[in-house]
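Trainee: Below is one structure. I have some questions about it.
The values are calculated or read from the model by the stated rules, or taken from the named source; none is laboratory data. What you see is a predicted model, and the numbers here were worked out from it, not measured in a lab. Cβ placement follows ideal geometry from the backbone for every residue including glycine, while neighbour counts extend to all protein chains displayed.
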Amino acid sequence: MSKCKILCVIPARLESSRLPRKMLADLQGKPLLQRTYESAKAVPLFDDVVVAVDCRELYDKVIAFGGRPLLTSATCASGTERLIELHGSKTLQADIWVNWQGDEPFINKEAIGELLQSCDNPEEEIWTLKRLIEKPEEIASPDVVKVVCDQKGNALYFSRSPIPHLLREAKVYKHVGLYGYSSSALEKIGSLTPTEIEKAESLEQLRFLYHGLSIRVHETSQNVLGVDTEEELLLAKGLYFS
């Protein structure tokens with residue numbers, strides 16, 4: 001990997017439909033957001049780590065635990081929109097922008113290395129990860145996003161439904177919601193309009209595919225736990241004890 005400036009942005013909003021105020025939820029003595037920030041700071045590939053927050057309360061909390069917060073609009077509908085806002089403001093400069101969600105404290109340096117393994121390729125502008133599904137119940141779950149790729153590893157489609165449709169046995173992969181973007185990709189995405197398939201699946205990455213952008217999907221063996229529910233918060237607490 002050639003030397004380029006890699007910036008990690010952790011988008012964080014206070015309210016959440018399934019687990020309200022989860023960014024401030026206690027995870028063995030520290031807020032969930034702080035745990036995620038500390039994991040990101042431990043990744044040597046990153047030149048800088050910032051937290052893109054949507055309110056003063058989170059801003060002050062990040063200051064309190066020693067992080068670098070940046071206030072973004074409360075109307076941003078996704079983490080990617082927060083990256084686009086920061087990119088457009090010219091507040092930060094970087095060649096590669098990594099979108100690491102604030103509710104995923106268990107991502108590690110190995111996963112980031114897998115994510116960015118081909119970022120030297122000038123034909124690639126967006127990177128993400130997939131993992132082989134081992135639990136049958138995850139295939140049917142709409143909370144687990146699935147992805148299918150072409151022979152070069154580029155995404156063909158993402159869906160909350162089982163893909164491919166299993167008329168016979170086949171490998172099914174879950175999407176790991178970690179993204180890397182080139183600076184030029186963020187500029188392009190900022191001008192794209194929402195699409196019907198994106199709205200139908202509630203998956204913003206379908207907007208990128210619809211408008212002709214390629215998404216390179218690398219496989220990972222990392223079993224990343226995001227914290228979206230009370231049950232997942234309890235699991236996360238157990239992992240810190242183990």
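Trainee: Residues of the range 1-45 being part of a loop (DSSP other than H, G, I, E, B), touching a residue at least 24 places away in the same chain (Cβ under 8 Å) and either out of contact with any Lys or Arg (no Cβ under 9 Å at 6 or more places or on another chain) or among the hydroxyl-bearing types (Ser, Thr, Tyr) (or both), which ones?
Mentor: Scanning the range 1-45 gives Met1, Ser2, Cys4, Lys5, Ser16, Arg18, Leu19, Ala25.
Trainee: What pairs can you find where one residue is in the range 56-75 and over 11 Å from Tyr37 (Cα atoms), the other is in a loop (DSSP other than H, G, I, E, B) and polar (S, T, N, Q), and their Cβ atoms are less than 7 Å apart, with a gap of 6+ or different chains?
Mentor: Leu70/Thr91
Trainee: Separate question: Looking at Ser39, Ser17, which one is within 19 Å of Ala236 (Cβ to Cβ) and within 17 Å of the chain's Cα centre (by Cα)?
Mentor: Just one listed residue meets the conditions, Ser39.
Trainee: Moving on. Does Leu225 satisfy the criteria of being in a loop (DSSP other than H, G, I, E, B) and either at pLDDT below 95 or touching a Lys or Arg at 6+ places or on another chain (Cβ under 6 Å) (or both)?
Mentor: Yes.
Trainee: Taking the stated definitions as given, is Tyr157 in contact with a Phe, Trp or Tyr (Cβ under 6 Å, 6 or more places away or on another chain), surrounded by 14 or more Cβ atoms within 10 Å (Cβ to Cβ) and aromatic (Phe, Trp, Tyr)?
Mentor: No.
Trainee: Could I ask something else about it? Among the residues of the range 201-219, what is the count of those that are over 14 Å from Thr80 (Cβ atoms) and among the β-branched types (Val, Ile, Thr)?
Mentor: 1
Trainee: Kindly provide the set of residues from the range 145-203 that are over 18 Å from Lys130 (Cα atoms) and either hydrophobic (A, V, I, L, M, F, W, C) or assigned to a strand (DSSP E or B) (or both), ordered by number.
Mentor: Leu166, Leu167, Ser182, Ala185, Leu186, Ile189, Leu192, Ile197, Ala200 - these are the residues of the range 145-203 that are over 18 Å from Lys130 (Cα atoms) and either hydrophobic (A, V, I, L, M, F, W, C) or assigned to a strand (DSSP E or B) (or both).
Trainee: A follow-up question, please. Determine if the range 89-101 includes at least one residue that is more than 23 Å from Gln222 (Cβ to Cβ) and part of a helix (DSSP H, G or I).
Mentor: yes
Trainee: Residue check: is Arg168 of a type outside the set (Val, Ile, Thr), under 23 Å from Glu81 (Cβ atoms), without any contact (Cβ under 8 Å) to a residue 60 or more places away in the chain and assigned by TED's automatic domain parsing to the domain that holds Thr195?
Mentor: Judged against the criteria, Arg168 is not a match.
Trainee: Output the residues belonging to the range 50-86 that are in a helix (DSSP H, G or I) and over 20 Å from Leu203 (Cα atoms).
Mentor: Answer for the range 50-86, where residues must be in a helix (DSSP H, G or I) and over 20 Å from Leu203 (Cα atoms): Arg56, Glu57, Leu58, Tyr59, Asp60, Lys61, Val62, Ile63, Ala64, Leu86.
Trainee: If Val176 satisfies all but one of (1) more than 19 Å from Val9 (Cβ to Cβ); (2) in contact with a Lys or Arg (Cβ under 9 Å, 6 or more places away or on another chain); (3) in contact (Cβ under 8 Å) with a residue 24 or more places away in the chain, what's the number of the condition it fails?
Mentor: (1)
Trainee: Only one of (1) surrounded by fewer than 21 Cβ atoms within 10 Å (Cβ to Cβ); (2) out of contact with any His (no Cβ under 6 Å at 6 or more places or on another chain) fails for Leu192. Which number is that?
Mentor: (2)
Trainee: Are any residues in the range 209-221 surrounded by 14 or more Cβ atoms within 10 Å (Cβ to Cβ) and either hydroxyl-bearing (Ser, Thr, Tyr) or not assigned by TED's automatic domain parsing to the domain that holds Gln151 (or both), and if so, which ones?
Mentor: Tyr210, Ser214, Thr220, listed by residue number.
Trainee: Still on this structure, please answer the following. Among residues belonging to the range 111-144 that are in a strand (DSSP E or B) and under 16 Å from the mean Cα position of the chain (by Cα), point out the one that is farthest from Trp97 (Cα to Cα).
Mentor: Applying the filter and picking the extreme gives Arg131.
Trainee: I want to confirm something. Restricting to the range 24-83 and keeping residues that are at positive phi and of a type in the set (Gly, Ala, Ser), which single residue is surrounded by the most Cβ atoms within 10 Å (Cβ to Cβ)?
Mentor: Filtering first and then ranking leaves Gly66.
Trainee: So is Val144 surrounded by 14 or more Cβ atoms within 10 Å (Cβ to Cβ) and at pLDDT 95 or above or not?
Mentor: No.
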